[in-house]
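First comes the structure, then the notes that go with it.
The values are calculated or read from the model by the stated rules, or taken from the named source; none is laboratory data. On a predicted model such as this, the values are computed, not experimentally measured, just so you know. FYI the Cβ positions are ideal-geometry reconstructions off the backbone, even for glycines, and counts take in every protein chain you see.
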Ligand code: CUA
């Protein structure tokens, strides 16, 4: 009921939103606004064509019925009238399709042409089934990696350099841009800009295996000062654990299988096989947008990821309850 109250008309079009957005129908930047204009134009033209076609069909049926009632024989085929009608319909169809083509290509150009200046570059690598996100600032400490949550400053163009490690994925944040495929061995790119602060949900848009549906991401668009503060924190090392439970949790992490696949800056764990966990606790979700990042969800995920995301690369864990508690405390300290 609450859902209905919050967005009754949008519900019909699947454009419902709660705390986060995911809708092509609510553009939040110049690229998505153009995509939205194209969509609206196509909708209007298609509606007009549909209504005219239905009216013409009804008119023909009504005219035929009237002749029958009057006892007249059916209309003879009027060759010249027929030719004229078919010609007009063909020309109109080609003209409409050509208009769509030209408009579509021009929208495509806007979203692919590189922005002039001042762009932020972010590398996104698709994995089964999560997103590796690297901020590619060439300055000495500017390069850092995170996962599944991309912070961007509003009002600044962001270039996404896209790659895939295994199969083809597709990067799509509907409120901000169209889609772009991530292809193993071939770099593609896309850029967009967010004009309104907000949290926008993105989704892998190319079937990439069993857990394709659970390959989501969040784009957090924030005012430049807030973004700068986030980036400053994100490029720093994880703070060493202070309380005894977290210290013990770090030891559990380092001697269990966790450290074989994950990276935590400033610790011996340095593998990039799985998502970077340096600032895990600052993220909104875990398992690529599948679960809210709470202690309980984290525990469930660590104990048996296969229950939540069957087929994911992370194996189940047999930690003792006290080791698990300590590990959770440590992970939750990684802000
Ligand atoms: Cu990655 Cu679908």
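What the table below lists for this structure:
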quantity	calculated
Single unsatisfied condition, residue 206 versus (1) at pLDDT below 95; (2) under 23 Å from residue 130 (Cα atoms)	(1)
Hey, residue 155 under 13 Å from the mean Cα position of the chain (by Cα) and either modelled with pLDDT of 95 or more or not assigned by TED's automatic domain parsing to the domain that holds residue 313 (or both) or not	no
Any hit, segment 128-146, residues being under 25 Å from residue 227 (Cα atoms), within 12 Å of the ligand (Cβ to nearest atom) and not in a strand (DSSP E or B)	no
One residue from 242, 236 being more than 16 Å from the ligand (Cβ to nearest atom), surrounded by fewer than 16 Cβ atoms within 10 Å (Cβ to Cβ) and in contact (Cβ under 8 Å) with a residue 40 or more places away in the chain	242
Residues located in segment 179-196, provided they are more than 16 Å from the ligand (Cβ to nearest atom) and surrounded by 17 or more Cβ atoms within 10 Å (Cβ to Cβ)	191, 192, 193, 194
Residues that are within 11 Å of the ligand (Cβ to nearest atom) and either in a strand (DSSP E or B) or crowded, with 24+ Cβ neighbours inside 10 Å (or both), drawn from segment 159-178	164, 169, 170, 171
In segment 197-229, the residues that are away from the ligand (no atom under 16 Å from the Cβ), in a helix (DSSP H, G or I) and surrounded by 19 or more Cβ atoms within 10 Å (Cβ to Cβ)	227
Failed item, numbered, when residue 77 is tested on (1) part of a helix (DSSP H, G or I); (2) more than 30 Å from residue 218 (Cα to Cα)	(1)
